[in-house]
Amino acid sequence: MELKDKIILVVGGAAGIGRATAELCAARGATVIVADMNEAEGRQAAAAANGMFVCVNVTDESSVRQLFERITQKYGRLDVLIQAAGVLKGALVPIEELSLDTWKLVLDVNVTGSFLCAKHATPLLKQSARGVIVLVSSGAAQSGSSSYAYGSSKGGVTSLGVTLAGKLAPDNIRVNVLHPGNIRTAMKLSVIEAEAHKRAQSMDKLVRGGSESALGEPEGVAKILAWLASDEADYVRGFIFTR
C-alpha cells in the first residue's frame, strides 16, 4: 500500500496519533502538511515527515482559511484531510461542577474545528480524483468518557462525519470516522494521572494494576489512518473502531 502522489494534510499532527500518522504517510510516499497550534513540536513533526508546517487555530475560521490558502498556493490541490486535532478537558469533574467555559472550549476545538477544516478542505478535495476526509473521533462517543464535554464533543464529530459522508459522496469525496480506543497519548496519560490522584494512588500502583500497560500505541492507529488515506480503502464506509 503506497501513498505516492497523494497530498495529505494532518491537522493536529504535532504529537500523538497525528504525528505518528504524518510520519507514516510520508514514509509511504505522500507529500504531508502538518498543521497544529503547537508550533515547536509541529515544526519537528513536519521535519520528520519531510513536509510543510502551518500553524493553525482550528477554532478560528480566518486561521483555518489561511491554512488552506497556503496549501492552494503551494500545491493547488489536496487529496486527503485527516483531522486529528482535539482536546480533553474536565476529566472526572462532576457535571454540577463542570464549567461552561470548559464545555465550550472542548466543543469548539473538537466539533467546530472539525467542521471548519472539512468546510475549507472540500473545495480542494473536489479537485482530487479521489478525495478523502477522515475525522478522528473516539470510542468515548459510544462508551462514555471521563469528561462530559469530551464524550459529547466526540459524539458531535461522529455525527458530523455521517452527514458529510452522505452530502459529499456525489463529489467523489469519501468520508470516514475513526474511533480510537485507549491509546498511549499525552492526553490519555493525563487522565490516568488524574484518576491516580483522585484515588490517592501512586502512578506506579495504577500501572501495576494494568491501566497504562493496556494502552495501545499511536503507531498502531497511524497504520489504520494511512490505509484509510489510500485508494485501497476506497470501498470502506462508515465508522472504524480500534483497540
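The values are calculated or read from the model by the stated rules, or taken from the named source; none is laboratory data. All values derive from a computational prediction rather than experimental measurement. As a convention, Cβ positions derive from the backbone with ideal geometry for all residues, glycine included, and neighbour counts pool all protein chains shown.
Quick notes on this one:
- Restricting attention to region 139-157, the residues being assigned to a helix (DSSP H, G or I), buried (at least 21 other Cβ atoms within 10 Å of the Cβ) and over 16 Å from the mean Cα position of the chain (by Cα) number 1.
- Meets criteria (of a type in the set (Val, Ile, Thr), closer than 21 Å to Leu124 by Cβ and in contact with a strand residue (DSSP E or B) (Cβ under 8 Å, 6 or more places away or on another chain)) for Ile7: yes
- The one condition in (1) closer than 23 Å to Asn176 by Cα; (2) among the small types (Gly, Ala, Ser); (3) not in a helix (DSSP H, G or I) that Gly18 fails to fulfil: (3)
- Residue count for region 111-129 under the criterion of being among the hydroxyl-bearing types (Ser, Thr, Tyr) and more than 19 Å from the chain's Cα centre (by Cα): the result is 1.
For (1) modelled with pLDDT under 95; (2) more than 28 Å from Pro94 (Cβ to Cβ); (3) assigned by TED's automatic domain parsing to the domain that holds Ile95; (4) touching a helix residue (DSSP H, G or I) at 6+ places or on another chain (Cβ under 6 Å), each residue gets a yes or a no:
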{"site": "Lys126", "(1), (2), (3), (4)": "no, yes, yes, yes"}
{"site": "Ala140", "(1), (2), (3), (4)": "yes, no, yes, yes"}
{"site": "Ser152", "(1), (2), (3), (4)": "no, no, yes, no"}
{"site": "Asn172", "(1), (2), (3), (4)": "no, yes, yes, no"}
{"site": "Val191", "(1), (2), (3), (4)": "yes, no, no, no"}
{"site": "Lys198", "(1), (2), (3), (4)": "yes, no, no, no"}
{"site": "Val221", "(1), (2), (3), (4)": "no, yes, yes, yes"}
{"site": "Leu225", "(1), (2), (3), (4)": "no, yes, yes, yes"}
{"site": "Leu228", "(1), (2), (3), (4)": "no, yes, yes, no"}
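- When Lys119, Lys104 are checked against the criterion of being closer than 28 Å to Ala22 by Cβ and either assigned by TED's automatic domain parsing to the domain that holds Ser138 or modelled with pLDDT under 95 (or both), a single residue qualifies: Lys119.
- Leading residue by the ranking (surrounded by the most Cβ atoms within 10 Å (Cβ to Cβ)) among those in region 1-46 that are touching a Pro at 6+ places or on another chain (Cβ under 9 Å) and among the aliphatic types (A, V, I, L, M): Ile17
- Residue within region 158-167 that is under 19 Å from Ser230 (Cβ atoms) and surrounded by fewer than 22 Cβ atoms within 10 Å (Cβ to Cβ) present: yes
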